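Shown next, in structure tokens, is the structure this report addresses.
The values are calculated or read from the model by the stated rules, or taken from the named source; none is laboratory data. Computed from a prediction, not measured in an experiment: that's the story for all the values here. With ideal geometry, Cβ positions are generated from the backbone for all residues, glycine too; neighbour counts draw on all protein chains shown. When the accessible area is computed, the model is the full protein with side chains, heavy atoms only, and any ligands, DNA or RNA have been set aside. Shrake-Rupley method; radii C 1.70, N 1.55, O 1.52, S 1.80 Å.
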Amino acid sequence: MAERQFTGKHALAVFVAAFGVIIAVNLVLAYSAVKTFPGLEVKNSYVASQEFNERLQEQQALGWDIRAEVNGGLLILYITDKTGAPVEVAELQAVVGRATHVKEDFSPDFIFDGQAYSTPAALGEGNWNIRLVAKDRDGAEFAQRVPLYVKG
């Protein structure tokens, strides 16, 4: 029986196959990332950067703290002031969704019960983001991304 030798052609085939697999996987992952992530946080980043400090000072002056939880089929937002007292905002807009894609995003209608804001929500297990904008009675804006982990 003749012994087979590992030649330069074999080495080239191994390297081409290995790098081909690496390149194919990278292309699939890049396509998936671009397809599922909208990539847009603000419409005009220059304008947003120019207004950032004023918005930050206005938001810090409110002294609000926000905490979220899921309990009994409800998504609950606790908005409290510097003393820990519940805050009833003049306006509340929120988008709830996954951090990695937008196909499960929804805008809930929160109801204030005197202590917290709640809305029915069936959130699957994993990481969620609540991107909210709240305004006080004077029109001061509070914008924050609230991360939420839902256990299974």
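Taking springs between alpha-carbon atoms closer than 10 angstrom, which of ALA30, ALA121, ALA18 fluctuates most in the Gaussian network model of the chain?
Of the options given, ALA18 has the highest mean-square fluctuation.
Relative contact order for the stretch 37-138: what percent, with Cα pairs under 8 Å and sequence separation of 6 or more?
About 26 percent, as a whole number.
First compute the accessible area of the chain with a 1.4 Å probe, then give the percent of it belonging to carbon and sulfur atoms.
C and S fraction of accessible area: 57 percent.
Taking the structure as given and computing log10 I(q)/I(0) by the Debye sum over Cα atoms at q = 0.10, 0.17 Å⁻¹, which label from [x] -0.53, -1.07; [y] -0.46, -0.97; [z] -0.34, -1.05 fits?
Given [x] -0.53, -1.07; [y] -0.46, -0.97; [z] -0.34, -1.05, the calculated one carries the label [x].
Give me, ordered by chain and number, the residues 5 or more places off VAL146 or on other chains with an amide H under 5 Å from its own placed amide H.
ILE130, ARG131, LEU132
Per residue, how much accessible surface does the chain expose to a 1.4 Å probe? Answer in Å², no decimals.
The answer is 73 Å² per residue.
Summing -39500 (n - 2.57) over the DSSP H runs of n ≥ 4 in the chain and dividing by its residue number, what mean residue ellipticity at 222 nm do you reach, to the nearest 500 deg cm²/dmol?
-11000 deg cm²/dmol
At most 13 other Cβ atoms within 10 Å and a DSSP loop assignment: could you name the GluC sites (Glu not before Pro) in the stretch 9-74 that fit?
GLU41
Starting from the Cα of LYS43, draw a straight line to each of the aspartates and glutamates and keep only those under 14 Å, dropping any in the same chain fewer than 8 residues away.
By straight Cα distance, LYS43 reaches GLU51.
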